[in-house]
Amino acid sequence: MQNKNDNLIIEMKDISKFFPGTRALDHVSLKLRKGEIHALVGENGAGKSTLMNILTGQLTKDGGEVFIEGEPLRLSSPQDALKKNIVLVPQELNLIPEASVTENIFLGNEVMEKKLINWTKTRQEAERLLALLDVHVDVSQPVKVLSAAYQQLVSIARALAYDPKV
């Protein structure tokens, strides 16, 4: 019989976070296993974003422990989280309206060859990632011409470009 912890990707134990005058998180725990889908639901101010911002290195925790695949997770920046394949798709769009769909998907994560961006491969990879989401748009067009729903899918494709574990 398989141990339930065998597929454990992320474990957050007793996470606490304090802001001046506010206890945002008070000993919160969360376990994420491979193949599971979770939703964090709660009122504004319940700590959902704070917990995710700790997981993605945007905030530091004041207490508790975070593990990735059983190993302690130490993050000092969002870039550290990306290197560990932990990606957050924000609720609010954070795209560059004038930039192309391709540029928005790969901003800071371009397909490089000999220290230069290979735009042909980058566009092909953008098309591949969008196809995974059943989205077929011209990846050279500015993202501002897309509907809000399609812009959200571009944000999801950006996350997929990092080959996320979480």
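The values are calculated or read from the model by the stated rules, or taken from the named source; none is laboratory data. Quick caveat, the model's predicted, so the values are computed rather than measured. Methodologically, a virtual Cβ is constructed for each residue, glycine included, from the backbone with ideal geometry; neighbour enumeration extends over all protein chains shown. Accessible surface is based on the protein model in full, side chains and every heavy atom, while ligands, DNA and RNA are left aside. Shrake-Rupley method; radii C 1.70, N 1.55, O 1.52, S 1.80 Å.
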Handout entry: Residues satisfying the stated conditions in segment 14-39, i.e. surrounded by 12 or more Cβ atoms within 10 Å (Cβ to Cβ) and within 18 Å of Pro90 (Cα to Cα)
Key = none
Exercise for the section: Report, by residue number, each residue of segment 78-130 that is polar (S, T, N, Q) and either at pLDDT below 90 or within 13 Å of the chain's Cα centre (by Cα) (or both). Expected result: Gln79, Asn85, Gln91, Asn94, Asn109, Asn118
Handout entry: Residue check, Ala131 open to solvent by 30 Å² or more (accessible area, probe 1.4 Å), of a type in the set (Gly, Ala, Ser) and outside any strand (DSSP E or B)
Key = yes
Handout entry: Residue in segment 150-163 that is in contact (Cβ under 8 Å) with a residue 12 or more places away in the chain, over 23 Å from Asp80 (Cα atoms) and in contact with a strand residue (DSSP E or B) (Cβ under 8 Å, 6 or more places away or on another chain) present
Key = no
Handout entry: Odd one out for Tyr162, checked against (1) closer than 13 Å to Val89 by Cβ; (2) modelled with pLDDT of 95 or more; (3) hydroxyl-bearing (Ser, Thr, Tyr)
Key = (2)
Exercise for the section: State which residue pairs qualify: first residue within 23 Å of His27 (Cβ to Cβ) and inside segment 63-80, second residue part of a strand (DSSP E or B) and open to solvent by 70 Å² or more (accessible area, probe 1.4 Å) in any location, beta carbons under 6 Å apart, and separation of 6 or more residues or different chains. Expected result: Gly64/Lys13; Gly64/Asp14; Glu65/Lys13
